[in-house]
Amino acid sequence: MKNTKTITKLLIASVIFFTVINTASAGDDDKVKAMVGDLPSEMTAGSSVQFSVTLTNTGNNTWSSDKLSAKETGPFDITKSSVNVFNLEPGQSQTLNYTITAPSKTGKQKCKVYFYTTGRKIGSKTKTINVK
């Protein structure tokens with residue numbers, strides 16, 4: 001009976017150890033960073049401008065752009081200029097262009113742009129833009 005309890009404890013400890021190691025390794029292998037280019041200080045209401053985002057694969061696995069999503073939480077609209085899906089090998093970078101459209105409301109507006117991959121934030125930019 002004592003040996004059965006010891007074996008059970010060892011098996012449970014082994015499963016927990018294996019799970020923790022695998023979880024850490026998977027997260028370390030799939031990393032990408034987004035560097036968001038500069039946004040304008042001033043825009044005309046309803047006008048659009050382009051800005052760039054450079055993605056760099058800092059992990060150990062190939063990363064696919066189909067995992068990328070962008071979100072703007074203020075009154076501005078954001079769209080990706082190109083919809084090509086591409087893969088980044090470890091260490092590679094790729095620059096994407098996005099278009100931001102100013103709201104019709106004038107005055108100082110806060111623009112908050114976020115980029116995510118599989119639900120994890122990888123880059124952001126916040127700027128107050130004077131909309132005329």
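Observations
- The residues of the stretch 80-94 that are at pLDDT 90 or above and hydroxyl-bearing (S, T, Y) amount to a single one, S93.
- V85 meets all of the listed conditions (1) among the β-branched types (V, I, T); (2) under 14 Å from the mean Cα position of the chain (by Cα); (3) over 16 Å from M35 (Cα atoms) but one, namely (2).
- Scope the stretch 65-78; condition of a type outside the set (A, V, I, L, M, F, W, C) and surrounded by 14 or more Cβ atoms within 10 Å (Cβ to Cβ); matching residues: S65, K67, E72, G74, P75
- Any hit, the stretch 107-123, residues being at positive phi, outside any strand (DSSP E or B) and at pLDDT below 95: yes
- Pairs with Cβ under 6 Å, 6+ apart, first in the stretch 48-75 and closer than 21 Å to T99 by Cα and modelled with pLDDT of 90 or more, second assigned to a strand (DSSP E or B) and among the charged types (D, E, K, R): T56/K33
- Only one of the listed residues (N97, N87) is free of Cβ contacts under 8 Å to residues at least 60 places away in the same chain and farther than 25 Å from M43 by Cβ. That residue is N87.
The values are calculated or read from the model by the stated rules, or taken from the named source; none is laboratory data. These figures come from a predicted structure and were not determined experimentally. Glycine gets a Cβ as well: all are built from the backbone with ideal geometry, and neighbour counts include every protein chain shown.
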